[in-house]
1. Out of 97, 86, 82, 108, I need the residue that is open to solvent by less than 80 Å² (accessible area, probe 1.4 Å) and at pLDDT below 95. Which one?
2. Give me a count of the residues in segment 19-45 that are of a type outside the set (Val, Ile, Thr), in contact with a helix residue (DSSP H, G or I) (Cβ under 8 Å, 6 or more places away or on another chain) and assigned to a strand (DSSP E or B).
3. List, please: which pairs have Cβ atoms under 7 Å, are six or more places apart or on different chains, and start with a residue in segment 37-48 that is closer than 19 Å to residue 131 by Cβ and end with one that is open to solvent by 80 Å² or more (accessible area, probe 1.4 Å) and not polar (S, T, N, Q)?
4. I'd like the residue in segment 9-42 that is farther than 30 Å from residue 75 by Cβ and either of a type in the set (Gly, Ala, Ser) or within 18 Å of the chain's Cα centre (by Cα) (or both) and, out of all such residues, is surrounded by the most Cβ atoms within 10 Å (Cβ to Cβ).
5. Of everything in segment 87-143, what is more than 25 Å from residue 5 (Cβ to Cβ), out of contact with any strand residue (DSSP E or B) (no Cβ under 8 Å at 6 or more places or on another chain) and either among the small types (Gly, Ala, Ser) or part of a strand (DSSP E or B) (or both)? Give them in sequence order.
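The values are calculated or read from the model by the stated rules, or taken from the named source; none is laboratory data. As the structure is a prediction and not an experimental result, all values here were calculated from the model. Backbone-built Cβ (ideal geometry, glycine too); neighbour counts: all protein chains shown. The area values use the complete protein model at the heavy-atom level, side chains included, leaving out ligands, DNA and RNA. Shrake-Rupley method; radii C 1.70, N 1.55, O 1.52, S 1.80 Å.
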Amino acid sequence: MTANSDLRAAGINGAIVLGGALPSPGVIVAAKTQWTYSSQRDFYDGSAFSDTNKRWFAGLRDAQGTYTGLLDLSGDTLLNAASLGAQLLYLYADSNAGASSIGLHEVAHGSGFLDATVDVNLNGMCAINGAFRAASNWVVFSS
């Protein structure tokens with residue numbers, strides 16, 4: 001498939017995967033409900049005397065994001081991984097699981113450091129959320 005083919009999907013089959021790509025050797029992280037990925041860049045003001053407008057210069061691209069979901073009481077994979085070194089993360093818009101799947105569609109992958117926050121509330125489900133930051137170069141929309 002070529003880029004800009006206007007392929008769309010609902011997030012129902014999205015996934016966070018640790019350890020490798022799907023279908024194997026990666027393991028889908030259980031009970032998560034959302035992830036975000038940000039690819040912002042640093043910009044530097046290179047303006048000088050006599051310029052008629054600001055001149056910007058682009059720096060490095062960043063790769064980071066967040067996740068949220070239900071706490072897996074059998075041993076939450078992301079909570080455990082938050083105490084380790086960099087982890088190989090794969091982010092899927094569609095993990096090819098479920099009746100509404102349009103097929104396996106990876107958005108980004110790379111090595112990242114994780115953190116986690118657990119939220120246990122009388123009036124809700126036990127939850128977890130956290131963030132990841134790049135530990136190496138990330139790849140976006142690989143095939």
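1. One residue alone meets the criteria, 97.
2. 2
3. The qualifying pairs are 39/61; 41/60; 41/61; 42/60.
4. For segment 9-42, the residue satisfying everything is 39.
5. Answer for segment 87-143, where residues must be more than 25 Å from residue 5 (Cβ to Cβ), out of contact with any strand residue (DSSP E or B) (no Cβ under 8 Å at 6 or more places or on another chain) and either among the small types (Gly, Ala, Ser) or part of a strand (DSSP E or B) (or both): just 124.
Conditions tested, residue by residue: (1) over 14 Å from the mean Cα position of the chain (by Cα); (2) of a type in the set (A, V, I, L, M, F, W, C).
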| site | (1), (2) |
| --- | --- |
| 83 | yes, no |
| 99 | yes, yes |
| 107 | no, yes |
| 114 | no, yes |
| 119 | yes, no |
| 126 | yes, yes |
| 131 | no, yes |
| 141 | no, yes |
